[in-house]
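What follows is a single structure, written as structure tokens, with notes after it.
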Amino acid sequence: MAAQIYTGTAPADAPANRGWLLGHFMPAGDPRHSTAVEIKWGVHPRGDRRAQWVTGEIRTALILLVSGRFRLEFPGRSVLLASQGDYVVFDGVDHSWFAEEESIIVGVRWPSVPGYAITPAGGAPPSAGQRRSWRRAAASRRSRS
């Protein structure tokens, strides 16, 4: 593949893909297409919350607070990001989130795999077989690094 460069501005580009700037969901051939990692510029109004919990999570994620107050919920634990630069990293943990104030976050997830987006039609979640396959692939990548 030929070398490519893409330039943009997160506030302008992010709304087209629910905040996501890079990941498997970008068109093949686009330098923002990646199955290794996803990057999000998330702008959340006060009171915004994830429509449903992410369950059966196999990915690793880092959420970094740019501004606002942003709460992440995990089974048995809640983490509040309240100061610029606060962050949380979690690996394979079911979760949800809530914007206590208007917030901007940077989200980084790996690997970039389909099946977690909440679709307007309530699309089917990934099958147990798909998730097992993703877990094996993620474990294999971790053992090689």
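The values are calculated or read from the model by the stated rules, or taken from the named source; none is laboratory data. Because the structure is a prediction, the values reported are computed rather than measured. Here the Cβ is made from the backbone with ideal geometry for all residues, glycine too, and neighbour counts use every protein chain on show.
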Open item on the list: Given the condition within 24 Å of residue 16 (Cβ to Cβ), part of a strand (DSSP E or B), of a type outside the set (Ser, Thr, Tyr) and within 14 Å of the chain's Cα centre (by Cα), answer yes or no: does some residue in segment 64-87 qualify?
Closed with: yes
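Does at least one position in segment 6-14 carry a residue that is within 19 Å of residue 97 (Cα to Cα) and at pLDDT below 95?
Yes.
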Task: Residues (part of a strand (DSSP E or B) and crowded, with 16+ Cβ neighbours inside 10 Å) located in segment 28-61 - done: 38, 39, 40, 41, 42, 43, 44, 54, 60, 61
Task: Close pairs from segment 51-62: first of a type in the set (A, V, I, L, M), partner at pLDDT 90 or above and in a loop (DSSP other than H, G, I, E, B), Cβ under 7 Å, at least 6 apart - done: 54/94; 58/92
